[in-house]
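The values are calculated or read from the model by the stated rules, or taken from the named source; none is laboratory data. Predicted model, so just to flag it, every value in this text is computed and none were measured. Every residue, glycine among them, receives a Cβ derived from its backbone with ideal geometry; neighbour counts consider all protein chains shown. Quick note on the areas: whole protein, heavy atoms, side chains included, nothing else; ligands and nucleic acids left out. Shrake-Rupley method; radii C 1.70, N 1.55, O 1.52, S 1.80 Å.
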Amino acid sequence: MKKKIFNQLFFFISLIFLIALSYISRPPIYGKLKFILLNTFWPYYDIAKELDENSLVNTNTFFYSDPVSEYSFFAAFGMQVKIIWRTLDPMYDHTIPIQTLISQSNPPSRHCLINLKGFPDTWVPHLTGHWDPIISNTARFYEHNGYRGKKLAITIENQFKDKCIVLKDKELPWEAGENFRYRAPNLNYSEQQQDVHILQFRKSLFHDKYTILIDAGFITQTREKLLDYLAVNEIYRIDEIFITHPHKDHYSGLYELIQFGIPIGKVWMNIPLKENCDREIPWGCDYQDLLKLQNLMKEKNISYSEIHHTDPKNPKVLYQDEFNKLELLFASPPVNPQAGNVDINDLSMIMKLKTNKTTYLFTGDLNSSLSEYLKSEPAFQADIFKVSHHGTEGTASNNFFDRVNAKVGIVPGPKHLWCAERSVRIRDYFKSKKTKMYISGFHGDILIRHFRDKEYKISTEISPEEICGEKKSLFRRILEFTFTFD
């Protein structure tokens, strides 16, 4: 009896030890242990549930998918597979066109299954027999019109819905009373500065989301990051896009969004004078490039308009529901005689959002000259401020910052730019005001969730221990984690 108790106790302690060990390191052995002990059940619960709802688990129904999914689902769930991709080695660059996958299926006896969800990075596929992190990216097997990856969830939702069983990421569930989300995906992971801001309005859990994009970033980063970000967060269409001013780090990503085919309701963008625009070729504004973009929108039947407004005292309403109002405070025509602008940044749209009891201010790349012209206006106070010009010198004056008087600052900029000499004034200003700052190059993706009856919640992809060499105290990190983050 004692021996039996001892054996059970030894087994229990060994199991705890192995579980703890599996968290210490991943490749290669401990990754396998973690999969065997922990990842066998929980990460596959949603997948198993979805497959069961489609009557595929433990039946005689065959299905087509990518080679890694076929082997792993057969091993994990006993599903019948029709292995037509047996010759594809997942270690190499193979793709399966979605149309081909669909054409091979013939429900109810044969189904196609598109696994954009992938597997945890500790999954050890039977096909290779060894651990490798890229194996988890099953989304790379699927292709449509030259595009690959999780971004294809957008295409499937808009073109191939109900054609296949699709396993994909689910957005963070909306809570009761949550009616607005502000998203700043980090497109500043490279050396380039750029702006993208996503506003999601939702009247209730039973209403569809209304999505507005403020700026669209550079074309390359939009292709590499933004499309996947939209897909993972189940943003399958964009109702309106506002390009604050025609600089390539704000508008060129629009090319990629249109070419990819994500449904777009309307685009608002002002075109400058050719002589002012072409002074900035090749880095900034390019008049012929803007005309090309206009023609592309016309070709794709995307509604496009310019919008001008120079009276901040009487803002123009852009969107409104019971709890949210987005207003345009300023958007200059090509030449504003009062501002005397010839700098493209002086065309920047300035927008204010009132959501529940919180206000945002979006300023494009507001220059110091334009901010001085607008300094007497009382409408710019905001709780959360998208800091203009990526936080560098030449942006709005300290007097303008004083009028905004923000509690939180959002800076869309890479690490090197925020830490450079060009940003000293802005860094020192907000530090002196004890403004809570979020810099996309340091914090990664930023999400702020708003509720009708309680405070907003801020969460970030990364919680940096130090920014520009300044390390936070342990007490401050604990305080921020406890009261700021989800």
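Residues to consider are F380, F400; find the one that is farther than 24 Å from E470 by Cβ, open to solvent by less than 10 Å² (accessible area, probe 1.4 Å) and either in contact with a Cys (Cβ under 8 Å, 6 or more places away or on another chain) or in a helix (DSSP H, G or I) (or both).
Only one candidate qualifies: F400.
Taking the criterion of being of a type in the set (V, I, T), farther than 21 Å from N295 by Cβ and more than 17 Å from the chain's Cα centre (by Cα), would at least one residue in the range 234-245 satisfy it?
Yes; the residues of the range 234-245 include at least one that is of a type in the set (V, I, T), farther than 21 Å from N295 by Cβ and more than 17 Å from the chain's Cα centre (by Cα).
Collect the residues in the range 344-367 that are within 14 Å of P312 (Cβ to Cβ) and among the hydrophobic types (A, V, I, L, M, F, W, C), keeping them in residue-number order.
M349, I350, M351, L361, F362, L366, listed by residue number.
Of the residues that make up the range 263-279, is at least one outside any helix (DSSP H, G or I), open to solvent by 10 Å² or more (accessible area, probe 1.4 Å) and among the small types (G, A, S)?
yes
For the range 143-169, which positions are not polar (S, T, N, Q) and not in a loop (DSSP other than H, G, I, E, B)?
E143, H144, Y147, R148, L152, A153, I154, I156, E157, I165, V166, L167
Which residue, of L353, L366, is modelled with pLDDT under 95 and either closer than 25 Å to H308 by Cα or open to solvent by 30 Å² or more (accessible area, probe 1.4 Å) (or both)?
The conditions single out L366.
When Q193 is evaluated against the numbered criteria (1) in contact with an Asp or Glu (Cβ under 8 Å, 6 or more places away or on another chain); (2) outside any strand (DSSP E or B); (3) surrounded by fewer than 24 Cβ atoms within 10 Å (Cβ to Cβ), which criterion, by number, is the only one it fails?
That leaves (3) as the condition not met.
Rundown of residues vs (1) part of a loop (DSSP other than H, G, I, E, B); (2) touching a Leu at 6+ places or on another chain (Cβ under 6 Å); (3) of a type in the set (D, E, K, R); (4) touching a residue at least 40 places away in the same chain (Cβ under 8 Å), yes/no style:
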{"site": "E171", "(1), (2), (3), (4)": "yes, no, yes, yes"}
{"site": "N179", "(1), (2), (3), (4)": "no, no, no, yes"}
{"site": "D208", "(1), (2), (3), (4)": "yes, no, yes, no"}
{"site": "I212", "(1), (2), (3), (4)": "no, yes, no, yes"}
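Which residue is farthest from I344 (Cα to Cα), if the candidates are limited to the range 228-242 and must be touching a residue at least 60 places away in the same chain (Cβ under 8 Å) and surrounded by 24 or more Cβ atoms within 10 Å (Cβ to Cβ)?
A231
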